[in-house]
Structures are given as structure tokens and as C-alpha cells.
1. Which residue, of Ile282, Ile296, is under 21 Å from Asp210 (Cβ atoms), over 20 Å from the mean Cα position of the chain (by Cα) and either not polar (S, T, N, Q) or not in a helix (DSSP H, G or I) (or both)?
2. Outside any helix (DSSP H, G or I) and surrounded by fewer than 22 Cβ atoms within 10 Å (Cβ to Cβ): is that true of Glu171 in this structure?
3. Checking the condition touching a His at 6+ places or on another chain (Cβ under 8 Å) and of a type in the set (Asp, Glu), which residue from Asp228, Asp334 passes?
4. Can Lys40 be described as under 27 Å from Leu237 (Cβ atoms) and basic (Lys, Arg)?
5. Condition test on Tyr257, is it of a type in the set (Ser, Thr, Tyr), surrounded by fewer than 18 Cβ atoms within 10 Å (Cβ to Cβ) and in the same structural domain as Ser137 (by TED's automatic domain parsing)?
6. At pLDDT below 95, more than 23 Å from Lys116 (Cα to Cα) and assigned to a loop (DSSP other than H, G, I, E, B): is that true of Asp334 in this structure?
7. Regarding Asp236, is this residue touching a residue at least 12 places away in the same chain (Cβ under 8 Å), among the acidic types (Asp, Glu) and over 12 Å from Met175 (Cβ atoms)?
8. Name the pairs whose Cβ atoms lie under 6 Å apart, with the first residue in region 419-434 and of a type in the set (Asp, Glu), the second assigned to a loop (DSSP other than H, G, I, E, B), and 6 or more positions between them or separate chains?
Amino acid sequence: MSKFKYVIKRSGAIVPFNPDRVSNVIYRAAVSVGGRDKAKAAELAKQVIEVLEATYEEGHKPHVEEIQDIIEKVLIENGHAKVAKEFILYREEAANRRRENSKHFSKPNELIPWKKVWRSLDWAVEHDLNTIDGINSRIRRGQFPQIVHEAETFYETQLDTAAELIKERAEELRMVMVSGPSSSGKTTTTFKLEQRLNKMGMKFVALVVDNYFFDLEMHPKDEFGDYDFETPQALDLDLINDHLKRLAACEEVLIPYYDFKQGKRFDNRTPLQLHDNEVLLIDSLHGLYPEFSREIPAAQKFKLYLEPLLQMKMPDGQYIRWTDLRLIRRMLRDSVHRAYNPEQTLLHWHYVRSSEKRTILPYSNTADYIVNTSMPFEVPIYRPKLLQLFKEWEKKYQGDPLREDAYVRASRIRKMLDAIEPMEDESAIPGDSVLREFIGGSTMNVH
């Protein structure tokens, strides 16, 4: 047992010292450069703690930066330069994000697709849906069905444009990648896009990327023991690239099968081949991540990026955050389709968000086209479903240094839901709406 009981976080909060976190941090850095040796990570973590105990007196509360300094030292001394470099880069990126969050920069944030945001804001202003006060007023006038129609039309028009852009490149394309962060609406959008392109004479073959996960025991965990499925390194990127390259050359490959109940991958299971008139359709979180398709020339792939870019200002002057919409969507979907408690989704979200900032959002501006999947009418229907729960979570996690992220999100979303006019009648929402992917009632049989 370690002689340290507590550690000081960067915020100044004092939390219990958890030695497993050291091992998890080292393993995550190793995974980022292709390593999968958990035993070695545990051995190195043991060395880190030994150095820590030799350096500081019993009762000392080490700062997280002191621990990370020792992790770097141990990695380098043990000949793990690549892992050490990855860990150092991660620390630098995290420090840069903290600096940016504490200041107001005049330069645009690179994670935001500004042109698409401006168009979305312009549309919202035209329809008096750019503020909570505006949408509340329209709902009170009985215009909820009209709001639904306007929003769905805006979304469908974007899909029409995406389909036309893909069709223009049909001669050279070998694959279409539908990408975006968690709960951005990839499943429904992919389905609808395929319908449009089929009518245009294009044929698609779907590739299920989930089958390329490594075995569960090889996945990194977060500080609370949750497995991290959000990182691209959870996927066998080398095997994906090998298969994509061969499929683009019209060779047959044997696709693996991933059994989520067992947490195991079984290789060489399902034959797949593209014919001359077929294009591969890929729905993945990481379709824009450079390493995902590094073997495929840019001319052979069309990259579509999705994000609910809602432009709606709250009474306090702050805009509703897109990540909050996706958090709610995932809560609702996971509780219906995966028997996952909504509170678990809230507690895990900081991890989802951290991975997005590193491996998804920075590549949004490399997309060939961006689709805004937000629906202004989704906020009113979330209030009766979740407001009470967010009130309870806000109260439960206030003052808990280990759950600071959960408290901040719960408090912010509670304010948002408190301010919006509630809507319990969902009959105006079409059965093929992207929102049905999350609230249920879809007529498209997509999950």
C-alpha cells in the first residue's frame, strides 16, 4: 500500500490517491504508439510509485504535476522514448487547452467549423429559433409542428447537397466516410444518404468498423475503471488500412467479427469485396482521423462530418453547447438500446469529450462537407424526460472534487432545461427523423 493517501489536482482540489491511475496513464500513452503490454505498464507504474515514495515524506500530498514528472523520468530511463514522447505531447496539449479555456482569444478556435456555424446561425435567426425566448414564444403560439417541419427540411436539404457532391465524384470514389463525435446522428444520416445515392444509381457496401476493436482486455481504462471505446487506438488501425487498401483494389477480404458480450474479436469471418460499380460506406467516429485511412488516396474517399451545431442562446447570454445536446442524446439512446443508466453516461462523458478534442474535432475542417444534425425542437422534448434527473445530479455532485466535471455539466444542462418550454407531445416528429435514433419510435429500424 502506498504511503500517500491524497493527491492535489490542478484545480487545487485534494482527492484520494489512486495508484491504478498511474498504470492506466502509462498504458494509454503506450496504446497511442501501438503498445499493448499491460503488465509492462503496471511494472513501470510500480517504479513510479517507488520513486515518489523515495522522494517525498509520508503524509505529503503530491501534486499531479509532480507525479507526471516522475512518469516521464521513469519512461525515459527504461528506454520507452516513444511512449514518453506521447505522454509529453499529451501533457502539452492539455496545458494548451487549459490556457485557451482561461482566456478570450481573438483567433478562431480550430475545433469549430466556422462557415457552417455562420450558415446555421443565419438560418436560426430567419426562423426566430436563435434564442430560447424565441422558440418558447413560438411554442406558446402553437407552432411546435411548424418548427419541426422547418428543422427537418433544413436537415434534409443538407443531405441532398451531400448526395449531389458525392455523385459528382462517383467515377473516382471507392469509399464514403460518415464521421462525427458520439451521438451526432451518424446512423440515421448514413441510412438516408444511402437511400438518396441508391436512387442516383450508386451501389453501396457497408463496412462495420466496430468489428475491428481489439479484445476488451487490451483496451485502456479511465480513472474510474471504465474501458475507453472512444479512442481510435481501440481499433486495429493497421488491419483496417490493410482491408481498405485491398477493398479499394477490388480484392476480397475476410472481415472480423467482434462479440461485445465476450469482449473478443474473431478474425477472418465474413468475406467482403467491392465490384466496379460499388462504393464502400463507412460509419465511424474516426473516419476523419488521418491514421484511419492513411493508405487510401484522398481522391478515392469522400469525407462527411456531422455535428449538432445548434445556434440557440440561453437567457444568460450563453449559447447552448453542442456537447450537451449529444450527452442528452446518448443518455436517451443508451438507456433504451444498451440498458445503460443515464447517470453512468454523465459520469463517463468527460472521457468521451477528452478523446473527441484530441482525435475527432481537430479534423472537422478536413471534411468534404459538413451536416448540421441539430434540431431546435429537441431541447423542449428533453425537458420532461430529464430535467428532474439533472436537478438531482447537480445537487448530488456539488462539492465533490472527483466529480467536478459531472457537476458542471449537470448544472449547465439543468439551467438550459429549466429555461425551455416543455413539450411532451412528440407526434409531430417524423418517424424517420434523426432524433428518433435517440428518443425511440423510429420507422427506419436503425439502432
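1. On the way: Ile282 fails: over 20 Å from the mean Cα position of the chain (by Cα).
It is Ile296.
2. Values: outside any helix (DSSP H, G or I): yes; surrounded by fewer than 22 Cβ atoms within 10 Å (Cβ to Cβ): yes.
The answer is yes for Glu171.
3. On the way: Asp334 fails: touching a His at 6+ places or on another chain (Cβ under 8 Å).
The match here is Asp228.
4. yes
5. Details: of a type in the set (Ser, Thr, Tyr): yes; surrounded by fewer than 18 Cβ atoms within 10 Å (Cβ to Cβ): yes; in the same structural domain as Ser137 (by TED's automatic domain parsing): yes.
So Tyr257 passes the test.
6. On the way: at pLDDT below 95: yes; more than 23 Å from Lys116 (Cα to Cα): yes; assigned to a loop (DSSP other than H, G, I, E, B): no.
It is false that Asp334 is at pLDDT below 95, more than 23 Å from Lys116 (Cα to Cα) and assigned to a loop (DSSP other than H, G, I, E, B).
7. Values: touching a residue at least 12 places away in the same chain (Cβ under 8 Å): yes; among the acidic types (Asp, Glu): yes; over 12 Å from Met175 (Cβ atoms): yes.
Spelling it out, Asp236 is indeed touching a residue at least 12 places away in the same chain (Cβ under 8 Å), among the acidic types (Asp, Glu) and over 12 Å from Met175 (Cβ atoms).
8. That search, which allows pairs on different chains as well, returns Asp432/Thr443; Asp432/Met444.
The values are calculated or read from the model by the stated rules, or taken from the named source; none is laboratory data. Everything numeric in this text was worked out from a predicted model, so none of it was measured. In this analysis, Cβ positions are derived from the backbone assuming ideal geometry, glycine residues included, and neighbour counts consider all displayed protein chains.
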